[in-house]
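*Asks:* This structure is in structure tokens; I'll ask about it shortly.
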Amino acid sequence: MQYRSLGRSDLKVSEICLGTMTWGQQNTEAEGHQQMDYALDQGINFFDTAELYSIPPKAETQGSTERIIGSWFKARKNRDKVILATKTIGRSAMTWFRDPPQEGRLDKAQMTYALENSLKRLQTDHVDLYQLHWPERPMPWGSNPTRFSAAGTAPLPDENSIEGQLEVLDGFVKAGKVRHIGLSNESAWGTMRFLFGSEAKGLPRVQTVQNAYNLLNRTYETAMAEIHLREQVGLLAYSPLAQGFLTGKYLNGARPAGARTTLFDRAQRYQTPGSEEAVADYVAIARKHGLDPAAMAIAFVTSRAFTTSNIIGATSMEQLKVCVEGSLACRITPELEAELDAVHQLRGNPCP
């Protein structure tokens, strides 16, 4: 396991981050604890969660993942061994995150409520990285900030400003409840505006952006990668397996029992025109080189110079071991990378 700097901070995080969003729906508390035990044994010191989890978001399971992590900390007494990241929701029509119920916003009252309740569920007095799960401003295709349309992008009159959000986060840092801050599902413009705001007012600096990045969606390379190179804002890559599609298990319409796409109708992002053909091409390359398709896809994301940590989630220990041990053993050679790039040149980004 290699360790990389978290932005410009003094923290060194493992190149693999343990994703947790299935705990509380697809995974039990005991299974979540087992995964965390395994992760530490493998040298993974970085866990990512969110107040929203588990997935898919529902009022009755909201916060369940943080509670599972909190019970593990209490049982193992090892909070000091983990660099812990969590998130607060952005602007949202979902009302069940707050008491009294209300639409989600990134204002001081709601952000404070979110952090305090996350800390209680996590059974800790601080988080190492606190992230804004998605922006306050309207963002078409909010899970993919690179895909804008002509309508719906105009500023809203009641937007909480980026500077205002930074000032709230500054209060959390000064109170010792948050060490560093990050963004998620954010654009190049938004990231730079946060950086400008922090420099102008001496407010906390964004260290990371958690965005989707995988062989079916390399749009991060277009503008965001340059921000890493020049500003040292690192990528926390989520969905390196494109919700499991890059394993090949969904090819030809297959729907394995217990798989996320089988259980939940939430895979439209990876069922776009051209995606099946691209997946088939990438799986064929892996087979040609004697590699597991999942291990190869994850290793590709980890190997990028702008990737700070690659967020891996799995519902079974067998899957997790392939994702961690298999990917770390997989080397993206120049020959292999050239073949992957050739498919990308032909297929593009079918799932942006």
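Read-outs: derived from the displayed coordinates by stated rules, not from any lab. Note that the structure is predicted; figures quoted are calculated from it, not measured. Positions of Cβ are generated from backbone atoms using ideal geometry, with glycine treated the same way; all protein chains shown enter the neighbour counts.
*Asks:* Can you tell me which residues in segment 275-290 are under 14 Å from N214 (Cα atoms) and among the β-branched types (V, I, T)?
*Replies:* V279, V283
*Asks:* Would you please list the contacts, defined by Cβ atoms under 8 Å and residues six or more apart or on different chains, that run from a residue in segment 174-192 that is in contact (Cβ under 8 Å) with a residue 12 or more places away in the chain to a residue that is among the polar types (S, T, N, Q) and assigned to a loop (DSSP other than H, G, I, E, B)?
*Replies:* Listed pairs, sorted by first residue: R179/S9; H180/S9; N185/S143; N185/N144; S187/T146.
*Asks:* Taking segment 153-171 as the region of interest, how many residues are without any contact (Cβ under 8 Å) to a residue 60 or more places away in the chain and buried (at least 18 other Cβ atoms within 10 Å of the Cβ)?
*Replies:* Result for segment 153-171: 5.
*Asks:* Kindly indicate whether any position in segment 75-90 is buried (at least 18 other Cβ atoms within 10 Å of the Cβ), more than 24 Å from Q207 (Cα to Cα), under 19 Å from the mean Cα position of the chain (by Cα) and touching a residue at least 24 places away in the same chain (Cβ under 8 Å).
*Replies:* No, segment 75-90 contains no residue that is buried (at least 18 other Cβ atoms within 10 Å of the Cβ), more than 24 Å from Q207 (Cα to Cα), under 19 Å from the mean Cα position of the chain (by Cα) and touching a residue at least 24 places away in the same chain (Cβ under 8 Å).
*Asks:* Looking at (1) farther than 22 Å from Q35 by Cα; (2) assigned to a loop (DSSP other than H, G, I, E, B), find the lone condition where A257 falls short.
*Replies:* (1)
*Asks:* Now for a separate question. Which one is surrounded by the fewest Cβ atoms within 10 Å (Cβ to Cβ) among residues in segment 27-66 that are among the charged types (D, E, K, R) and part of a helix (DSSP H, G or I)?
*Replies:* Checking each candidate, the answer is D41.
*Asks:* Let me ask something else. For E277, only one of the following conditions fails: (1) crowded, with 16+ Cβ neighbours inside 10 Å; (2) over 30 Å from Q232 (Cβ atoms); (3) not aliphatic (A, V, I, L, M). What is its number?
*Replies:* (1)
*Asks:* Name the pairs: first residue in segment 330-341 and more than 14 Å from A284 (Cα to Cα), second residue surrounded by 10 or more Cβ atoms within 10 Å (Cβ to Cβ) and aromatic (F, W, Y), Cβ to Cβ under 7 Å, at least 6 apart or on different chains?
*Replies:* Correct list of pairs: I332/F300.
*Asks:* Do any helices (runs of 4 or more DSSP H) entirely within segment 287-352 hold 1 or more residues that are out of contact with any strand residue (DSSP E or B) (no Cβ under 8 Å at 6 or more places or on another chain) and either of a type in the set (V, I, T) or crowded, with 21+ Cβ neighbours inside 10 Å (or both), and if so, which?
*Replies:* Answer list for segment 287-352: 293-302, 334-347.
*Asks:* Before we move on, is I69 among the aliphatic types (A, V, I, L, M), crowded, with 20+ Cβ neighbours inside 10 Å, out of contact with any strand residue (DSSP E or B) (no Cβ under 6 Å at 6 or more places or on another chain) and at negative phi?
*Replies:* yes
*Asks:* Look at segment 1-20 and say how many of its residues are surrounded by fewer than 23 Cβ atoms within 10 Å (Cβ to Cβ) and in contact with a helix residue (DSSP H, G or I) (Cβ under 8 Å, 6 or more places away or on another chain).
*Replies:* Going through segment 1-20 one residue at a time, the tally reaches 2.
*Asks:* Return yes or no: is A39 under 18 Å from the mean Cα position of the chain (by Cα) and either under 18 Å from V209 (Cβ atoms) or of a type in the set (K, R) (or both)?
*Replies:* No, not satisfied.
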